[in-house]
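Comments concern the structure below.
The values are calculated or read from the model by the stated rules, or taken from the named source; none is laboratory data. Everything quoted here is computed from the prediction, not taken from an experiment. Note that we place each Cβ from the backbone using ideal geometry, even for glycine, and neighbour counts take in every protein chain shown.
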Amino acid sequence: MIAVAPTTTWYLLLSALLFSIGVIGVMVRRNPLVLFMCIELMLNAVNLSFVALARRMGDIGGQSTVFFVMVVAAAEVVVGLGIVVAILRRKPNATTDDMAELKG
Amino acid sequence: MELFVFVVASAMILGGALGVVLRSHPVHAALSLVLTLFGIAVLFVSMEAHFLAAVQVIVYAGAIVVLFLFVIMLLGVDNAEDLRVEPFKVQRPVAAVVGAGLLTMIGLAIIASRKAPVPVVTQSQAVQDALLDPHDSNIKALARDVFSDHVLAFELTSVLLVIAVVATVMLARKPRKGDFVVEAATK
Amino acid sequence: MLDLVWLIPALPLAGFLCILLFGRKLGDPKAGYFASAMVGASFLVTVGVFLDLLSKTAEERHHVQTLFQWVPLGNSFSIDLAFLADPLSLTMCLFVTGIGSLIHLYAVGYMHGDSRFSKFFLYLNLFAFSMLMLVLGSNMLVTFLGWEGVGTCSYLLISFWHERESAATAGKKAFVTNRVGDWGFMMAMFFTFWAVGSLDYSVLNHAAESVGVAGGLAQSTATAIALFCFIGACGKSAQLPLYLWLPDAMEGPTPVSALIHAATMVTAGVYLMVRINPVLSVSSGYAGWIIAGVGAATALYAATVAVAQNDIKKVLAYSTVSQLGYMFLAVGSGAYVAAIFHMVTHAFFKALLFLGSGSVIHGMHHEQDMRKMGALRVLMPITAGTFIIGWLAIAGVPPFAGFWSKDEILLFAYDKSPILYVVGLATALLTAYYMTRQVIMVFFGKAEWKDAHEEHGAHGDLTARDFTPHESPRTMVAPLVVLAGLSIVGGLIQLPSWGWIPHGLQHKLEGWLEPVVEFGEHPLSAGAHDLSGILALVAIAIALAGIAAAIMVYAKHKAKPIEPQILADAWGYDRAVSNFMGGPGRKAFDGVAWADAHVVDGAVNGVGELVRGSAGQVRKLQSGNVRNYAAAVGAGVVLLLVWFVVVRGIL
């Protein structure tokens, strides 16, 4: 096996793939909690690409961005799960399809 | 060596991702998510972002996913979702197209930028000094960057966290007398 | 005095308003005398204005009085309510108000005892007002106001006795047929405004006179304007093919027939054509031929039909159509003075004939069939005498008025084309024939009314003793006498240039009208001029021949009467029109109505439906479902990326 070092491009492509999988997941899954997990996938893909590019460009700013992303993601998950709890407490078997009060 | 790590980590990441999307049981999905997050942490390490790798494991895998599992267990909503049925006939084809399209376009952009020249970035002196330090330069450089160049963002995120906590406590508690409750529309 | 021009139409209008408010209180006969006084006063004002105009030189005889700005058009353009006092309009005003006041007076006696007496005079005054607006207007819009007004009054007056189904139908027929002609007038107005930017006659005629010069009228436009005006004239003046309302209009009371359908309204078309004579003279040649041809054809056609009519008023109605045809023959041949001359003399003797027939009808207790009359000259001497004078005038026997005007028209017709002359001559022959027939059947011959009523006597109706035709009251007879006098001397206003006529008396009307028609008047060729004496003698001979033939047939019974049914039916024209309108016409109208409801309304409603439908479809995008929204967002992102990567070429 020829030892070829993975270039930045590889990391970026991997991140793109992960992102796409996350997008598909958001559109396909009905359970709200799994929906959230797919959103986490997308965030992680972005983190990966940031770090890869930070290394490529020699800029530590990319990594500090990832730091902030993680913090905000945590906060977002907290609030989001709070909402999900509030909804699911009333209708335990609700899926995202049932929460369609904005139907026009 | 790096190649080997990359391949293994990629396998973990993609396998976990597919698991999240394809597993019908929410707890299985959560566990697949852990696999993905761990894979990403490995890749962080291989890219010499040690601090971030640690934070990834602690915060994401350790706190966020645990939170997910708490909620699943607390509410008892761990019913397996029936993935064979899709109420909107158009949804799956659109999802496929969107996913493929996204991947293609981003991939094209990535490939096109291979030859792009690397912009010269001038870091602040403190960061540069830290980077030159051979011991734990990553965390030092990161800290120098966050606390000097991006300290405002740092403060704001801490405020954000407080707000998030307060909001969630309010959202998730059982309704008490005097609370304004909107009756859900009966379908 | 000229500044009082506005009084001429204002007085009848005041009469109209007063009768509107106080008519019922005034009652029979005061309302009638009041209305007659109004028109009479208008006549006096007209005479005053006429004298004032006479005192000016020929170039100055053109006075415009603007009352107010009617339609402001911006850019200092406007259409004003303005009156034009010039020789042509004054001539028209004179005989409209003059004969109008005589007929008003006559109607007081004729309509005596009618339940709606004051309403009749209400309409008559309104008619007088409209007619005067028509002739005094200085622009086409004021004329059109009068045009429509006389059409409306004609409808109101024809169907005055609207309890009679036939009268109501006749009124509607008149209005609708007029409307078809009005379309022509409106098109002419549109063309005029488009071409010269104004509806003023002076502007239009000036542009016509400067055709070929920049700012002048193009020949094609002039032809269009002239022909569209002619279509309007056909409707108003009852020419082929729009004449068919006039015979039916005899359903109205006889004063109406006399005033509107003999002397005034039907001459409006001729007036219009003479008013725009510069436009007509610069049109393509075929326009004049069309007008002259239609006029001649109508004249001959109506004359043939009149031969077979038995209703005393129908004969006169077709006679009117025929004489109007003569006027248009003159217009088409460029003889505007002759047309006006014949209009004036025709007004005199036709009004006389109609009023005379009204007197006969009144005396015969509303019997109108000539076959039931006869030998009335003894019982109604004044009526008979005046009627005979009218008969001689229309037949073209000198020295009565009709001879001079008809002869002038025939002269110009001969100059234009011998064929037209022959048609005119044939019409003259038939005119003499049927009028003599009418006179014989009514005033001479056997007293048919005696036999008819002897039968009735047995049933307890009026016995022969009770039913005696009687002479009409003074108010009805006096106008007859006046008109008879005018019919005798009317020819004096335009005597031809023959050697034995004193020079000062020749062509007076022509001199008077010269400022108006000098541009368009077709000068008589020398050849025709030389033949004028011979042609006059031919005309006299033809008239006498017609009279003799009728006497042979109807008085002496030497030959059988030729009254084929087809002539009585007016060559089946009326029936053909009814069939067409009822059949294919009706289908066409229904089709248009359907198109309006479905296509036009459908388009509008369709737009509404389209919006509703598409909104309903678009609404489905708002499913309220997060996953659908996510899909939409994702699709949008992909499209954006496609644009950036492929179209903008980041590649």
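Quick look at the values:
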quantity	calculated
Subset of segment A:1-31 that is polar (S, T, N, Q) and within 7 Å of chain B (Cβ to nearest Cβ) - its residue that is nearest to residue A:94 (Cα to Cα)	A:31
Any hit, segment B:108-124, residues being more than 9 Å from every other protein chain (Cβ to nearest Cβ), modelled with pLDDT under 80, in a helix (DSSP H, G or I) and within 29 Å of residue B:142 (Cβ to Cβ)	no
One residue from C:411, C:430, C:420, C:425 being modelled with pLDDT of 85 or more, out of contact with any His (no Cβ under 7 Å at 6 or more places or on another chain) and over 16 Å from residue C:303 (Cβ atoms)	C:411
Test: residue C:4 is of a type in the set (A, V, I, L, M), more than 15 Å from residue C:142 (Cβ to Cβ) and over 25 Å from the mean Cα position of the chain (by Cα)	yes
Test: residue in segment C:53-72 that is in a helix (DSSP H, G or I) and surrounded by fewer than 18 Cβ atoms within 10 Å (Cβ to Cβ)	yes
Residue within segment A:37-45 that is acidic (Asp, Glu), under 19 Å from residue B:62 (Cβ atoms), within 7 Å of chain B (Cβ to nearest Cβ) and in a helix (DSSP H, G or I) present	yes
Residues located in segment C:463-486, provided they are more than 28 Å from residue C:101 (Cβ to Cβ) and at pLDDT 75 or above	none
Single residue of A:66, A:34, A:51 found to be within 14 Å of chain C (Cβ to nearest Cβ), assigned to a helix (DSSP H, G or I) and buried (at least 21 other Cβ atoms within 10 Å of the Cβ)	A:34
Hits in segment A:75-96 - residues which are crowded, with 17+ Cβ neighbours inside 10 Å, within 7 Å of another protein chain (Cβ to nearest Cβ) and either among the charged types (D, E, K, R) or over 26 Å from residue B:80 (Cα atoms) (or both)	A:75
Residue in segment C:209-216 that is part of a helix (DSSP H, G or I) and more than 12 Å from the chain's Cα centre (by Cα) present	yes
Residue match in segment C:544-564 (condition: under 30 Å from the mean Cα position of the chain (by Cα), farther than 22 Å from residue C:400 by Cα, at pLDDT below 75 and surrounded by fewer than 13 Cβ atoms within 10 Å (Cβ to Cβ))	yes
Single match in C:566, C:540, C:562, C:534 (criterion: in a loop (DSSP other than H, G, I, E, B) and more than 14 Å from every other protein chain (Cβ to nearest Cβ))	C:562
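So that you can scan it fast, the table gives a plain yes or no per residue for (1) among the hydrophobic types (A, V, I, L, M, F, W, C); (2) under 25 Å from residue C:74 (Cβ atoms); (3) modelled with pLDDT under 85:
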| position | (1), (2), (3) |
| --- | --- |
| C:146 | no, no, no |
| C:159 | no, no, no |
| C:173 | no, no, no |
| C:193 | yes, yes, no |
| C:197 | no, yes, yes |
| C:200 | no, yes, no |
| C:204 | yes, yes, yes |
| C:208 | yes, no, yes |
